[in-house]
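In what follows, a structure is listed as structure tokens, so that the remarks can point back to it.
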Amino acid sequence: RRRRRRAMAIARQVLCVSSLLWLPLARAEPIRYSVAEEAESGSLVGKLAEDAGLTPAQLSARRARLVAEDGRQHFRLDRSSGRLVVAGRLDREELCGQAGTCM
């Protein structure tokens, strides 16, 4: 149960950032990313600024940041480049246990 909550927190980190970026643009489409199982630290998740229709400077000016409900930062946002990357090696079994789908 705890692992499932952590996995959901990861998904919310990405969705919260994308939701906040979309508000000023008046667009309702969420940005969704997938991360490979056991992705290594520093692995690219997505080009968040580009996907949101912003420049890295605009992303930085808006003070974009990631917030996790459980306080663990599984992802890192590089505001200077607008890239979202894996902050630390992700372990699917640790995050989702034996669940068939991990979100």
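A few remarks follow.
- Pairwise centroid distance, computed over Cα atoms, of the stretch 32-67 with the stretch 75-103, Å: 12
- The amide H of Gly46, built 1.01 Å from its N in the peptide plane, has Leu84 as neighbours under 5 Å, considering only residues 5 or more places off or on other chains.
- Each Lys and Arg Cβ is given +1 and each Asp and Glu Cβ -1; about its Cα centre, the stretch 43-96 then shows a dipole of about 320 debye.
- Once both labels are positioned 7 Å from their Cα atoms along Cα-to-Cβ, the gap between Arg76 and Tyr33 label points is 1.3 nm.
- Amide H to amide H, with H built 1.01 Å from N, Phe75 comes under 5 Å of Ala87, counting only residues 5 or more places away or on other chains.
- Relative contact order of the stretch 43-96, defined on C-alpha pairs under 8 angstrom at six or more residues apart (%): 41
- The stretch 43-96: projected area of the alpha-carbon convex hull, averaged over directions, in nm²: 4.1
We did not get these values from a lab; they are worked out from the coordinates using the rules stated. These numbers were taken from a predicted model, which means no experiment stands behind them. Don't worry about glycine lacking a Cβ; one is built from the backbone with ideal geometry, like all the others, and counts go over all protein chains shown.
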